[in-house]
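Participant: Below you'll find the structure I mean.
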Amino acid sequence: MGTSAAAPGLSFDLHVETRRERTPRPGTVVKAVLQAEARAVGADPTGELPAAHLAVALAVDLAPDRDPGTREALAHTLLALPDGASFALIGTGGGYPFDGGWAVADADTRGEAAFTAVSRKPYDPPGAQGAQDTGLAGLLAAARARFAVRPLPVRHLLLFSDGTAPVGPLDDEIARCAGEFTCDVLAVSGSWDPHALVTVARNLYGERGLAPEAFAPYATSLIAARRRIRSPELTLELTLRTGVRLLELQETEGQLLSTAVRPNPGRPGRYQLPTYQWDVGRREYLLQLGVDAHTEPLGVDLQLASVALGDAVTPVVVRWETRPRLMSAEERVSTDDNLTVTLADALGRLRQELDRGQLAAHRNRRDSAERHLGAAAQLAHQLGISWPLDRIRAIADIDDAARGIVRLHESYDQDRLRADILTGGDAGTAQDLLRDYAHGVERRCPRPSCRKLVGLPAAYCITCGERLR
């Protein structure tokens, strides 16, 4: 479905930073940061997508005895749909339209759908086309079947869940839905599984959040955001030089994490990563390549790969040196590629360790939780980021952040923990951290007995000699 061609209304700049000067060895791993910036072009840089190009489905996994406020909020969400948009309601009162198809939003169809939403008929999540799937997997399957007959440019699902229904065979169904539509997940008060909801939102490129009781304004804002999308899907293409291997390519910015890289059939050495929901802004990707570099020439720029997105193409270049040159402090702050790549790699590991630690705590796996949360605390301490430490302190004592030592509380608020897992956190990008450092963010030696101020370029503390990174 995706395309790497230029997107209407967008122009792209691509920039790749690598550790350019390295000692060549067999099986060398090259880490690179790819920064993609989309800029508005054309006569209407602030315009919205016409409502006729939007297909939005609302899928409901809610208990039959939910209080009337939840049903009314769903009705108000339907009443706020823009004229001309295609819409469907799945999983309540038999769904809407009643024939299982699509309706076009106008005063009559919105009113009928809203009446269906507040009816006292039980919520009944169907499978797709008579399938026996239930729960979240069944709702996704039903949505996939609907979108298959409504191939509009933007196809989006709003999924409301209080955890009433079982999860079902979720991973297989998500794989079938990937690329067919995007999905925002709203958790309504109940016993929902945070891991399941996060898995849906991450893999279907959507937002996830806690739905207030009167969630209509929040849900309406999510739908409105889809109309500001300039390109629903673009494919990032990676072309490798002979002898170079792809180890990993993932998006690292914000809450999104996409690893669905696939080979380009019939074109050896070429790979594709689908990317979705492009608007003006910047995204960051971490690329890891494997190369047997011991036979390659020294002291010259060598291209390992090229990356294409939209109307932009950029090379991935390294320089092999037996003894890397020394750089001044000014160079390390302003131009050192090592720092950007190191920060991007550390941010990715921080998110992963925090996610794993919180999930282990939710499942009462104490040893695993303390190990992963300790690693997250250590990374957050090294990077100077406070919000992961706040999340950890909600469920554990941080005895020594610099050494990654934490002790899980004997008891903790499971509702807050589930909310923290669901909403996640945005550690930003390597460029965000570099900007913070450049504006004077305080950096101290990690040794508890020292804690002296150190400069960003420093590799060791000048007071005690502690290694800084």
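The values are calculated or read from the model by the stated rules, or taken from the named source; none is laboratory data. Not measured: the values here are computed from a predicted model. Neighbour counts run over all protein chains shown; Cβ positions are idealised from the backbone, glycine included. Only protein heavy atoms, including side chains, enter the accessible area calculation; ligands, DNA and RNA are left aside. Shrake-Rupley method; radii C 1.70, N 1.55, O 1.52, S 1.80 Å.
Participant: List the number of the failed condition for A52; all other conditions in (1) among the aliphatic types (A, V, I, L, M); (2) open to solvent by less than 10 Å² (accessible area, probe 1.4 Å); (3) modelled with pLDDT of 90 or more hold.
Facilitator: With respect to (1) among the aliphatic types (A, V, I, L, M); (2) open to solvent by less than 10 Å² (accessible area, probe 1.4 Å); (3) modelled with pLDDT of 90 or more, A52 is out only on (2).
Participant: Among the numbered criteria (1) at pLDDT 60 or above; (2) aromatic (F, W, Y); (3) surrounded by 16 or more Cβ atoms within 10 Å (Cβ to Cβ), which one does Y437 miss?
Facilitator: Condition (1) is where Y437 drops out.
Participant: Let me ask another. Would you be able to tell me the number of residues in the range 221-255 that are of a type outside the set (A, V, I, L, M), under 20 Å from G266 (Cβ atoms) and crowded, with 16+ Cβ neighbours inside 10 Å?
Facilitator: 3
Participant: Please go through (1) under 30 Å from L34 (Cβ atoms); (2) at pLDDT 85 or above; (3) open to solvent by 70 Å² or more (accessible area, probe 1.4 Å) for S411 and return the number of the only condition it doesn't satisfy.
Facilitator: It fails just one condition, (1).
Participant: Another question about this same structure. Looking at the range 386-406, which of its residues are under 11 Å from A361 (Cα atoms) and basic (K, R)?
Facilitator: None; the set is empty.
Participant: I'd like to verify a number: residues in the range 263-320 that are within 23 Å of the chain's Cα centre (by Cα), assigned to a strand (DSSP E or B) and in contact (Cβ under 8 Å) with a residue 40 or more places away in the chain, how many?
Facilitator: Initially, the range 263-320 is screened for residues within 23 Å of the chain's Cα centre (by Cα), giving 263, 271-289, 307-310, 312.
So of that shortlist, the ones also assigned to a strand (DSSP E or B) come out as 263, 271-278, 281-289, 307-309, 312.
Within this subset, residues satisfying the condition of being in contact (Cβ under 8 Å) with a residue 40 or more places away in the chain are 272, 274-278, 281-289, 307-309, 312.
Total satisfying the criteria: 19.
Participant: Return the total of residues in the range 338-379 being over 21 Å from L287 (Cβ atoms), more than 19 Å from the chain's Cα centre (by Cα) and of a type outside the set (S, T, Y).
Facilitator: Residues in the range 338-379 being over 21 Å from L287 (Cβ atoms), more than 19 Å from the chain's Cα centre (by Cα) and of a type outside the set (S, T, Y): 17 in total.
Participant: Taking into account only those residues within the range 414-434 that are modelled with pLDDT under 65 and polar (S, T, N, Q), which is nearest to E207 (Cα to Cα)? Give the steps one after another, and end with the answer.
Facilitator: Going through the range 414-434, the residues modelled with pLDDT under 65 turn out to be 425-434.
Adding the requirement that they be polar (S, T, N, Q) leaves 429, 431.
Values: T429: 18, Q431: 23 Å.
Among them, the one singled out is T429.
Participant: Further question on the same structure: Which one of these does G95 not meet: (1) modelled with pLDDT of 90 or more; (2) surrounded by 22 or more Cβ atoms within 10 Å (Cβ to Cβ)?
Facilitator: With (1) modelled with pLDDT of 90 or more; (2) surrounded by 22 or more Cβ atoms within 10 Å (Cβ to Cβ) applied to G95, the lone miss is (1).
Participant: What about Q378, is it open to solvent by 60 Å² or more (accessible area, probe 1.4 Å), in contact with a Lys or Arg (Cβ under 9 Å, 6 or more places away or on another chain) and in a helix (DSSP H, G or I)?
Facilitator: On the way: open to solvent by 60 Å² or more (accessible area, probe 1.4 Å): yes; in contact with a Lys or Arg (Cβ under 9 Å, 6 or more places away or on another chain): yes; in a helix (DSSP H, G or I): yes.
So Q378 fits the description; yes.
Participant: Are there any pairs, at least 6 apart or on different chains, whose C-beta atoms fall under 7 Å, with the first in the range 94-116 and free of Cβ contacts under 8 Å to residues at least 24 places away in the same chain and the second of a type in the set (V, I, T), and if so, which?
Facilitator: Y96/T116; A103/T109
Participant: Let me ask another. State whether the residues of the range 416-427 include one that is open to solvent by less than 10 Å² (accessible area, probe 1.4 Å), part of a helix (DSSP H, G or I) and in contact (Cβ under 8 Å) with a residue 40 or more places away in the chain.
Facilitator: yes
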